[in-house]
Each structure stands twice: as structure tokens, then as C-alpha cells.
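Shown next, in C-alpha cells, is the structure this report addresses.
The values are calculated or read from the model by the stated rules, or taken from the named source; none is laboratory data. Computed from a predicted model, the values in this text were never measured in an experiment. Please note: Cβ atoms are built from the backbone with ideal geometry, for glycine as well, and neighbour counts cover all protein chains shown. With ligands, DNA and RNA removed, areas are computed over all heavy atoms of the protein, side chains included. Shrake-Rupley method; radii C 1.70, N 1.55, O 1.52, S 1.80 Å.
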Amino acid sequence: MKDKIEGLLAKVKEAAPNSAEEIEKFRIEFLGRKGLLKDLAAEFKAVPNEQKREIGQLLNRLKTDVQEKIETLKSAVSSGPAADASGEDMTRPHGQELPGARHPISIVRSEILDIFSRIGFTVAEGPEIEDDWHVFSGLNFPPEHPARDMQDTFFVEGDDRLLRTHTSSVQVREMEKKDPPFRIVMPGRVFRNEAVSARSHCAFHQIEGLYIDKDVSFADLKQTLLYFAQEFFGKAKIRLRPSYFPFTEPSAEMDVYWGLETETDYRITKGTGWLEVLGCGMVDPNVLKASGIDPEVYSGFAFGMGIERITMLRYQIGDLRMFFENDMRFLSQFTSVS
Ligand code: PHE
């Protein structure tokens, strides 16, 4: 019996239950109603009198050892790492902290808005789901204009609820709401029923600009755009090519002189050195009239640019689809840009 007790003392010393459940099992094994100590107490009765003292002391030691072990184990478990219901340690530091980052489209969007805010433009926004008036009719699109065609426009319901195809709709909304003067930039998402490719997408972003006051001239438009090109691209040379939009007259497209110094310059400017950046023009008198502004008193200019396009030029991104894929290998390249 002495050997048996000594064996158990060693076992208690080594035992290492490490959860509340295992400690309880350990307790039941030794101290339970049918536990080892009960068995030993029964055996003890048969121990010859001359050994009772020695064996009795061993038995007491076993009991106190077991109790002490349970106490220390229990306090170790409860003062250990904080655990939630799942047993997961909620205080453990996790391996990889990925810094948050802004999307390149957001970076360029706020940079452009910031450039215009420095010369007094404020920001206005309008709805993405529009009606024919704000996207087309109020902007002097004749009824049969091809841009209204099913191929370009996503209609939501009937032919008077549609996704805006450009942010020029916000011009109309603002002119209806307020009186001149206007100095506003209008960022937003636009939608066109186009096949998705490296150069176009069915959903993209534009920034629209509108300046209306007394005596606004084409020279004001040109100076404002030159300022923008210098601030954003750091390039001092622009050119305005005649173009056509139903809502501006005259209309133009602005190119920025990019240069022809490297292979990439050749590729992105198609060998001309010039980059097409935005559409613009003097607000057509019909557009002013349609929104209740007297074209005899007021004149103004408007411009509109695609943010994706400008972002691709800025960061030399070759495929527009990358903006929409949310691939971390692409997005994490912009983490250091504020
Ligand atoms: N709305 C035109 C487009 O989407 C851009 C534009 C805006 C042109 C304002 C002239 C004036 O292409």
C-alpha cells in the first residue's frame, strides 16, 4: 500500500490539467465519491496496526497534495489570458496589421475638389437615379439625340427613370434650386450601357464644374482650366480643340501637353505628346433659359472630366478595370499616399 500511495503522490506532482474541465476531472478522480482516496481509506482499515501511523501520514499528505494542486491550478486558469465564450483569447495581438488606405479614385477626387476649392468653388451633389429632364431635355438634347438611345442609357423603369449618364444633370438641379452666381464642382458616379474593357466601364466617376455670373467669358474658362492643369499635372501647356456638346456653345476639349520624353509618354499620348483630359464650353443660352436663368444677364462655363481617366494618367495605370476589382496587390500600392 505504501508503494501505491507513493506512486500516486508522484502522479499528482506531475499532473498538469490545463482547463477548468480537466481540473474537475482530476478532482473527481482523487476526491470524488468513488475516487481514489475513498478506495484507499477502505484499504487503510486492513493495514496492520504497527504500519497505521506511517501509512496514515502518507495518506494525509496525498490528500493535501491533491487539494493544493487543485487550488493552484484553478487560480492559474482564472487569472490567465482573458477568454471569451468561444475560448478564444481576445487580448492576443494578431499577426498582421494592414494599414487602412484610400482608393486611388478617392485620392484623385479629393485632390481635384481641393484645387477648385482654392479658387472659390464649392461642392454640390445630385441623385444617381434621374429623369429625362435633368439628364437630357434640360441640357438641350433634342428629342431624337442618339445619347438617349437604349444602347447608352440604363433605364430603370419606363423611359423617364434612368441612371444618369453624366454629372451634368447636377448642373440643372443646382440652377433650378438657386440663383446665380454659381461656382460649383459636382463629383459623382455615372452609368453608361457600355461593354467593360481596359478603357471603358459601365459605371465610372466624373467631376463637373459650373461657373455662372455676369460677364463670364471664354477667357475665364481658359484661365480656370490652365490653373487646374498646372496644379494637378504640373504642366503649363494646354490646348482647346473645338468639339460639340448639346449643352455648351462653343464647346471644346482640353488637352494637356504631356511631353514625349519616354516610351510611356509615346504610349499614353499615342505619339502626339498631348493628352485629352476633359470636355468644356460656354453654357448654352437654351440651358440657362430652361432652368429659369436669363441668358441676357448671365453667362457661364461648364466642364466635365472622368476621374478614372485622369487617375490612369496620374499613376500610369493601364487598365481601368483595376479600379473595380479591389485586388489588395493593386490597392496597397496607394497606402502611402495621403
Ligand atoms: N457631360 C460631358 C460628358 O459626359 C462632359 C462635359 C461637361 C462637357 C460639361 C462640357 C461641359 O462627356
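Just checking, which of E253, E194, E208, E249 is within 15 Å of the ligand (Cβ to nearest atom) and closer than 16 Å to P295 by Cβ?
Details: E253 fails: closer than 16 Å to P295 by Cβ; E194 fails: closer than 16 Å to P295 by Cβ; E208 fails: closer than 16 Å to P295 by Cβ.
From the options E253, E194, E208, E249, the qualifying one is E249.
Scanning the stretch 61-104 for residues that are part of a loop (DSSP other than H, G, I, E, B), among the acidic types (D, E), at pLDDT 70 or above and open to solvent by less than 100 Å² (accessible area, probe 1.4 Å) gives a single hit, E88. Quickly run through the stretch 294-311 and pick out the residues that are touching a residue at least 40 places away in the same chain (Cβ under 8 Å), open to solvent by 10 Å² or more (accessible area, probe 1.4 Å) and out of contact with any Pro (no Cβ under 6 Å at 6 or more places or on another chain). Within the stretch 294-311, V297, S299, G304, G306 qualify.
Residue selection: S299 satisfies the criterion of being within 16 Å of the ligand (Cβ to nearest atom), of a type in the set (S, T, Y) and in contact with a Leu (Cβ under 9 Å, 6 or more places away or on another chain). Consider the stretch 214-246 and keep the residues that are open to solvent by 40 Å² or more (accessible area, probe 1.4 Å) and closer than 20 Å to P295 by Cβ. The one that is nearest to the ligand (Cβ to nearest atom) is F245.
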